[in-house]
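The values are calculated or read from the model by the stated rules, or taken from the named source; none is laboratory data. On a predicted model such as this, the values are computed, not experimentally measured, just so you know. Backbone-built Cβ (ideal geometry, glycine too); neighbour counts: all protein chains shown. Protein only, heavy atoms only, side chains kept; ligands, DNA and RNA dropped before computing areas. Shrake-Rupley method; radii C 1.70, N 1.55, O 1.52, S 1.80 Å.
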2 protein chains.
Amino acid sequence: MGAQANRRPTLDEVALRAGVSRSVASRVINNTRDVSSTARAAVQKAVKELGYVPNPSARALATAQSGSVLLAVSHDDPNLFADPFFGHVIVGVNAALERTDLVLMLLLADTERGKERLERVLRSRRADGIMLLALHGEDPLYDLAQSLELPVVVGGRPLHGEPAWYVDADNRGGGRTATEHLIASGRRRIAAISGRQDTQVGVARHQGFREAMAVAGLEPVRSETADFTEAGGAAAMTRLLGRHPDLDAVFAESDTMAAGALRALKAAGRSVPGDVAVVGFDDLPIAQGTDPALTTIHQPVQALGREMAKMLVGLIEGERPSPLILPTHLVIRESAP
Amino acid sequence: MGAQANRRPTLDEVALRAGVSRSVASRVINNTRDVSSTARAAVQKAVKELGYVPNPSARALATAQSGSVLLAVSHDDPNLFADPFFGHVIVGVNAALERTDLVLMLLLADTERGKERLERVLRSRRADGIMLLALHGEDPLYDLAQSLELPVVVGGRPLHGEPAWYVDADNRGGGRTATEHLIASGRRRIAAISGRQDTQVGVARHQGFREAMAVAGLEPVRSETADFTEAGGAAAMTRLLGRHPDLDAVFAESDTMAAGALRALKAAGRSVPGDVAVVGFDDLPIAQGTDPALTTIHQPVQALGREMAKMLVGLIEGERPSPLILPTHLVIRESAP
DNA sequence: CGGCTGACTGGAAGCGCTTCCAGTAGTTCC
DNA sequence: GGAACTACTGGAAGCGCTTCCAGTCAGCCG
């Protein structure tokens, strides 16, 4: 009755109860060799009876391994994380981690203070490895993590240079596929709304667009750059229409911007896909909710998270995995049949 | 030249360099009293020169405090977490934690294995406190956390009973407000599409609906229950139209379901808001993307996360905060002017 | 039958920190 | 001038675990 309430059992108590030494108990817990089956059974029994759970801090101290990995999102837009994209990544990461004993730590570093905090966490080696997401331009974080000799896996790629370990979607290939689809369906006056050009994603997708246009011998009507937001997409679309009222297709390089573009097209009285065909990129849930439903490039976001985590676990366990580029594919809906 | 590369400095080395004992160095680091200013300065200098960062495991072991808090999401739908809702909660949590030294651990427990893992993490006291999200029906997790004598803050409320510490949005008030708005705009044949009735959210919103109808002396046309998904909302809307072709308003108790309802209404040839007015709930980004844009109840999701984290920090620091219900408010857009 | 394995075992030394406590000075007060 | 403070200081004892290492005790070979 409330007697055993307060203190949690320690390994010593388990050992005592099992009638063995602490070393033996530890070996049983950690499943290492050199334990007789009788000792093993006794310890396991004691563990169960006492409800023993190892103290992670003590273990971490003794082994110099924290037992956790960090997912760091460093960005200057505090709301970026609200994008469902991240939710999917996390679901993937979580799934991959579920089969290990690693716990996920999450740190969003948007403010200056947040970034300092992230740096402290990194330096303190609270995590055995780190996953970096949404690097835009040059992020000092990457270099820091590198210099700490911590395993680092980058999701996406930074704008310049190529990290040793990363997982990325085939953005360039996706951009090409999207554009090819528009061309194949007979569109000729094709414009693009590209995302921020200080991100590798933004650049790569647009590069795919330009490649496909060049291959087809077409001149892009015009491209507008927006900031990956719905409002930005709408504004860009409006600008495009103002300058090139006769365009017949738009490749909006993210679904969110595509949604904005659809809204602007509707406001301008254009029918989709009748007057203008629209292809997005990402295949987020909104893509199905827009009117008309959005033809888009699917990128395997959950897989991205999963593979990042897997790669990191591999690195921590001493393997040397290869960078990974995940395929994207076209999903045809109504906005560009 | 790679000399100091490998080992990180310890407190002993800092003390040595500063010419004081380890105790003094520790006191300086932790900013406790009883340190002369000369000693303090010497230690601070040594810390800087050595780039010393305390080892969190050692500290955790000595203080019996992990320095982290856990956000646990236990649900049976593995994709629920992809909902932007969670992203916003996390942004809020992160913001509140930024001013502390606590680190956020995130655990999604959808599978059986995930739940066991969550339980292990809880039992091992890897976290100093826990935030629980998306409890549906009765979740054993809550009782477990309670029994561990860990501070627990619940986001939303479980279906039955009331936790000691929770933060919730005023779902019932929101449901009332939404309904009152429909009534005030002259609608009389009002139906509702309620969410899962095994969640407190679902029940509370619908209760608000019923209250407002009763106060106005109106009989609900009919209510259909869906599962908070777009498809579910569309199906429910179709059923409603089948049975009550003359309804003139719908309160869809989540934006996602509202989006589905809009789609079904359009498919049935009804104009919104001409024939049927629609009010949603949540004020997610989709609410602005639907056509027509959705009148909805805004709930402060980010604030929910922030307040949960604040409350938890308070609990950990020994305060006894009060449960909190955050206000919701009506956002009028096109679907129900 | 002596000596050698090989399978186990338990003692003990840490991991890097916090914190209690006994102690040393320097001050103040009667 | 001595007692009683106050303001610091450093030694030492942990926190709960892992892991090295020196043993012990069978069994088995020649």
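What the table below lists for this structure:
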{"item": "In region A:57-92, the residues that are among the polar types (S, T, N, Q), in a strand (DSSP E or B) and at pLDDT 90 or above", "result": "A:68"}
{"item": "Qualifying residue in region A:47-65 (condition: crowded, with 24+ Cβ neighbours inside 10 Å and more than 16 Å from DNA strand C (Cβ to nearest atom))", "result": "no"}
{"item": "Residue match in region A:194-207 (condition: crowded, with 24+ Cβ neighbours inside 10 Å and in a loop (DSSP other than H, G, I, E, B))", "result": "yes"}
{"item": "Residue check, residue A:240 in a loop (DSSP other than H, G, I, E, B) and open to solvent by less than 40 Å² (accessible area, probe 1.4 Å)", "result": "no"}
{"item": "Single residue of region A:22-33 satisfying the filter (more than 11 Å from residue A:11 (Cβ to Cβ) and more than 7 Å from DNA strand D (Cβ to nearest atom)) that is nearest to the chain's Cα centre (by Cα)", "result": "A:31"}
{"item": "Residue among A:319, A:307 that is free of Cβ contacts under 8 Å to residues at least 40 places away in the same chain and not small (Gly, Ala, Ser)", "result": "A:319"}
{"item": "Qualifying positions in region A:208-222 - without any contact (Cβ under 8 Å) to a residue 40 or more places away in the chain, open to solvent by less than 40 Å² (accessible area, probe 1.4 Å) and not small (Gly, Ala, Ser)", "result": "A:213, A:218, A:221"}
{"item": "Matching residues, region B:1-18, being at pLDDT 90 or above and open to solvent by 60 Å² or more (accessible area, probe 1.4 Å)", "result": "B:12, B:13, B:16, B:17"}
{"item": "Those strands (runs of 3 or more DSSP E) lying entirely in region A:279-337 with at least 1 residues crowded, with 19+ Cβ neighbours inside 10 Å and more than 14 Å from chain B (Cβ to nearest Cβ)", "result": "A:295-298"}
{"item": "Of residues in region A:34-56 being more than 10 Å from DNA strand D (Cβ to nearest atom), part of a loop (DSSP other than H, G, I, E, B) and more than 20 Å from residue A:101 (Cα to Cα), the one nearest to the other protein chains (Cβ to nearest Cβ)", "result": "A:35"}
{"item": "Index of the failed condition, residue A:101 passing every other in (1) open to solvent by less than 40 Å² (accessible area, probe 1.4 Å); (2) away from DNA strand C (no atom under 16 Å from the Cβ); (3) not polar (S, T, N, Q)", "result": "(1)"}
{"item": "Those residues of region A:23-33 which are within 8 Å of DNA strand C (Cβ to nearest atom), assigned to a helix (DSSP H, G or I) and over 24 Å from residue B:58 (Cβ atoms), in sequence order", "result": "A:24"}
{"item": "Failed condition for residue A:96, given (1) assigned to a helix (DSSP H, G or I); (2) facing chain B (nearest Cβ under 10 Å)", "result": "(2)"}
